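So the structure is just underneath, and the comments pick up after that.
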Amino acid sequence: MHIFLGANIMAKNLIYGELLEVYGKMLKEKQFEPMAMYYYDDYSLTEIGDKLGYSRQAALLAIQAGEAKLDEMEQKIGFWRYLQEQKKREQGN
């Protein structure tokens, strides 16, 4: 289950960019690299595929697998949500 249910595409991209910062080192390189290119560098799927020697579809599948892994890690660990709560507390003071 994606943690961004109901969020628009910009919110989704922001959330996954943040999740990638928190949990990215825990991903396999073949998942991290295309996700970093997509979320940090704003590469298109075609550009990612070209640079990594993947098809566009393979780039999409790698990103989707990475997203699922990030979702799984966040559900188990919850550190990203903890950080969000901390930010809200700091802004409230």
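Quick note: the coordinates plus some simple rules give every number you see, no bench work behind them. For clarity, every value in this text was computed on a predicted model and none was experimentally measured. With ideal geometry, Cβ positions are generated from the backbone for all residues, glycine too; neighbour counts draw on all protein chains shown.
When you scan segment 2-23, do you find a residue that is touching a Lys or Arg at 6+ places or on another chain (Cβ under 6 Å) and surrounded by 12 or more Cβ atoms within 10 Å (Cβ to Cβ), even just one? Yes, that holds for at least one residue. Checking the structure you have, find out if any residue of segment 60-67 is free of Cβ contacts under 8 Å to residues at least 12 places away in the same chain and in a helix (DSSP H, G or I). Within segment 60-67, one or more residues are free of Cβ contacts under 8 Å to residues at least 12 places away in the same chain and in a helix (DSSP H, G or I).
Would you confirm whether any residue within segment 28-38 is out of contact with any Asp or Glu (no Cβ under 6 Å at 6 or more places or on another chain), part of a loop (DSSP other than H, G, I, E, B), surrounded by 11 or more Cβ atoms within 10 Å (Cβ to Cβ) and of a type in the set (Lys, Arg)? Yes, the conditions are met somewhere in segment 28-38.
Does residue 54 satisfy the criteria of being surrounded by 13 or more Cβ atoms within 10 Å (Cβ to Cβ) and under 16 Å from the mean Cα position of the chain (by Cα)? For residue 54, the condition - surrounded by 13 or more Cβ atoms within 10 Å (Cβ to Cβ) and under 16 Å from the mean Cα position of the chain (by Cα) - is not met. Scanning segment 39-51 for residues that are crowded, with 16+ Cβ neighbours inside 10 Å and in a helix (DSSP H, G or I) yields a count of 4.
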